[in-house]
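FYI, it's all coordinate maths here, none of it is from the lab. Everything quoted here is computed from the prediction, not taken from an experiment. For neighbour counting, all protein chains shown are included, and Cβ atoms are generated from backbone atoms with ideal geometry for every residue, glycine included.
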Amino acid sequence: MSDFLLEINVEELPTGYVRPALDKLKNAFIEKLKLGRIAHGDVSVFGTAVALVCYVKDMQLKQEELSQEISGPPKRIAFDEDGKLTPQGIGFAKNQGVDVKDLKIKSTPKGEYVFIIKKIKAGETKEVLRVLVPEIIKAISFPKTMKWDDSGVRFARPIESILVLLDKENIKVKVGNAPAKVVKGVPAGLYLKKLEKLYTLDQDKRKSEIEKMIMLAQKKLGLDERIDKNLLEETNFLVRSPVLMIGDFDKRFLAVPRDVLVASMSKYQRIFTLSKGGKLINKFIAILDGKGRDIAKMKKVYANILEARLKDSLFFYNEDMKKPLSELAPKLKDLIFQKDLGNMFEKIQRLEQLSLFISEKLNIDPVKKEDIKRAAYLSKADLVTQMVGEFPSLQGAMGMEYSLKSGEKESVAIAIKEQYLPKGLDDNLPETIEGAILAISDRMDNIVGLLGSGVESKGSFDPFGIRRNSQGLIQILNYRALRLDIISVIKEAIGLYKGRLKISQEELEKKVINYIKERLDFLAPDTKPIELKQAVLRSRCDDIVNVFKRVEALSAISSEKYFLKAAKVCERTSNILKGAKAEKIGEVNESLLKEDLEKEVWKAYSANSDKIRGLIKEEKYKEVTRAYGEAFFEALHKFFDNVLVNAEDKALRGNRLAMMQAINRLYTNDVADLAMLPQIVV
């Protein structure tokens, strides 16, 4: 066995591409080496914006031999009554390239069959790698790719060279026209150590070093100890040997709004702002690449560039302030929302109506309703400002700033900013009801419009943010405990597009709720058993807060005997109904109840159904599960043992199926379809 190393040298990648690419590189190697029958030790990946490295310890130099069992025809067909091979038996041996004496007999649940043990020879690992490595490199996916030569191979940026080492041997691989990098007489392990001496190779170690540098500098200066985590991640992949530098800028630029200063400094120069007591000061931290830099010279370079940027920002700010935000809203008519979905002015008109619809559903008081409507009208006006044109990440933040300066109410201004929250899983959520309703309206309008225009998310690729919008919608509703009928909101949002969408209303409603369910499955807490979450999602999902309540409540009681009894009732009634899919099942006709046991089951239903529905309405899921299991478990057990549901008499059969359906839906419609759980044993 020997160590293996792959180094892909590229033109500078977008920093956000590096970590996902490293994860894909590692997973691909583990998967491909397993399929290639190549045993190995630990797989490690390292990277910067210009190099992706994969290092595999103790890679076997030959594939593992494989013995494969191949089944042939039944013994009765391969051999005649006298035990001699038939033409079919001889043909099987010939087709598999083995001698007839190698045929064996094996007993299976289906009877005796002929089979062979075929050995697949072990190949040289280096020959397998010539095929696997190009496959792995080409399989690394990115949000955007490009062709950099005439080979047709795509990658995020042009590949400058590829080094493949198995111990000391350079293995040449072909990926487009990318040249091979060759090192002579250096084994993979030693080459890795040389890289580690040149720079901090491990991205996690490098990130930790940068974070410690910044925190220590802030502490020494007596400043707030805080770090922009996104900028830290970005900086980490831009440098290889981090060096910290502290610079400063003219105090007059502190008059520029905080969000503008932060955006100006982070977007172009990727420098960290500094603050004291929560207020920005005119100092910054930059992380340079490489030791031995002329710090004094670099300070001047950074200061000059930053001054030019901040002058521009100050100019944009002053120009934008010349008109109130409300005068900018009509200009949104010139800004396209999405292809086939009209302009941004039409979008804010939809947001006004959808926000009011949601406000009515939530019984929001009239004053707040007017504030929400005003916030919806102004919500996208900052998109036509010079500042947001330069810094798109400031949308919402500048809307709040400019609306306050224009004399709008504070609640309106805050809602304009909060409409974009959360921006990610760990981001803040709207703290005001005005902001929450506007954020919900915006996300629902986006989801309905994009899905209705035919856009789809595939795999992990979500360029239009449909999943992100669905996720944010769920987070807001659950965080604010807003009891909103999401189905009615979907219907209203579809209607506001006034026939502009390509998909029928019924089909689109299903698509939207499926996306929301997919994100609910992701966001709701894990359950035991894991299938329990899916069981809840098979039931009513029109109230997001209620879904979370059911998941948590049922997970807490899933090992209780009464829960298992309820699950068994769901399972047995579900299995009967599955077998009767072709039948049209109506309502129960009591006059058709013939057997004492079926009368007993229906009596249990009549006596308990109102109580169970009442407990469901009160959201007492522990109590309703106990009541359901106790009401039907014993009665159904006797019933199924003694009464034939699928009777020959059509009317009798239909009535018994109707009874099973009524019992099943009593719980599964509104709580959970517990028939989805595996191995329900009471």
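Separation of the range 557-606 and the range 613-667 by C-alpha centroid, Å? Value for the Cα centre distance between the two parts: 3 Å. Distance between the pseudo-spin-label points of Glu319 and Lys299 (7 Å out from Cα toward the beta carbon): 3.3 nm. Along the charge dipole of the chain, pointing to its positive end and built from +1/-1 on Cβ of Lys, Arg, Asp and Glu, which listed residue (Phe391, Met215, Leu501) has its Cα farthest out? In the chain, that residue is Met215. Here r is the Cβ-Cβ distance between Asp228 and Ala139 and R0 is 35 Å; the resulting FRET efficiency, rounded to 0.05, is 0.60. Under the combined filter of DSSP loop state and at most 13 neighbouring Cβ atoms within 10 Å, the range 223-254 retains these GluC sites (Glu not before Pro): Glu225. For the chain, the Cβ-based charge dipole about the Cα centre amounts to some 1460 debye (Lys, Arg positive; Asp, Glu negative; other atoms uncharged). Charged side chains reduced to their Cβ positions (Lys and Arg at +1, Asp and Glu at -1) give the range 350-415 a dipole of some 200 debye around its Cα centre.
What the Cβ-Cβ distance of Glu630 and Asp289 gives, at R0 = 60 Å and to the nearest 0.05, is a FRET efficiency of 0.30.
Judged by the ratio a/c of the largest to the smallest principal axis of the C-alpha gyration tensor, the chain counts as oblate, that ratio being 1.5 or greater while a/b is no larger than b/c.
Mind giving me the FRET efficiency for Leu66 and Glu560? R0 is 56 Å, r the Cβ-Cβ distance, nearest 0.05 is fine. Efficiency for this residue pair is about 0.75. Under the convention that each Lys and Arg Cβ holds +1 and each Asp and Glu Cβ holds -1, the size of the dipole of the range 622-682 around its Cα centre is about 100 debye.
Couplings 3J(HN,Hα) of the range 670-682, computed from phi: 10, 10, 6, 8, 5, 5, 6, 6, x, 6, 7, 10, 9 Hz, in residue order, whole Hz [Karplus 6.51 cos²θ - 1.76 cosθ + 1.60, θ = phi - 60°; x for Gly and Pro]. Note on Val256, Val182: ascending count of other Cβ atoms within 10 Å places them as Val182, Val256, the fewest first.
Show that you can apply the helix-only estimate: for the chain, add -39,500 (n - 2.57) for every DSSP H stretch of four or more residues, divide by all residues, and state [θ] at 222 nm to the nearest 500. So the helix-based figure for the chain works out to -16500 deg cm²/dmol.
Distance check, please: which entries in Lys126/Lys168; Lys205/Lys229; Lys267/Lys339; Lys219/Lys267; Lys549/Lys622; Lys219/Lys299 exceed 18 angstrom between their Cα atoms? Long pairs (Cα-Cα over 18 Å): Lys267/Lys339; Lys219/Lys267; Lys219/Lys299. Distance from the alpha carbon centroid of the range 78-113 to that of the range 161-238 works out to 59 angstrom. Listed by Cβ neighbour count within 10 Å, with the fewest neighbours leading, Cys54, Cys570, Cys541 appear as Cys541, Cys54, Cys570. Computed from label points 7 Å out along Cα-Cβ, the spacing between Tyr268 and Lys339 is 3.2 nm.
The alpha carbon centroids of the range 411-457 and the range 37-75 are separated by 45 Å.
When you count the other C-beta atoms within 10 angstrom of each residue and take the mean per peptide, 278-287, 112-121, 624-633 line up highest first as 624-633, 278-287, 112-121.
Net length available on complete extension from Lys205 to Asn363 is 51.7 nm, with 0.36 nm assigned per residue and the Cα-Cα distance removed.
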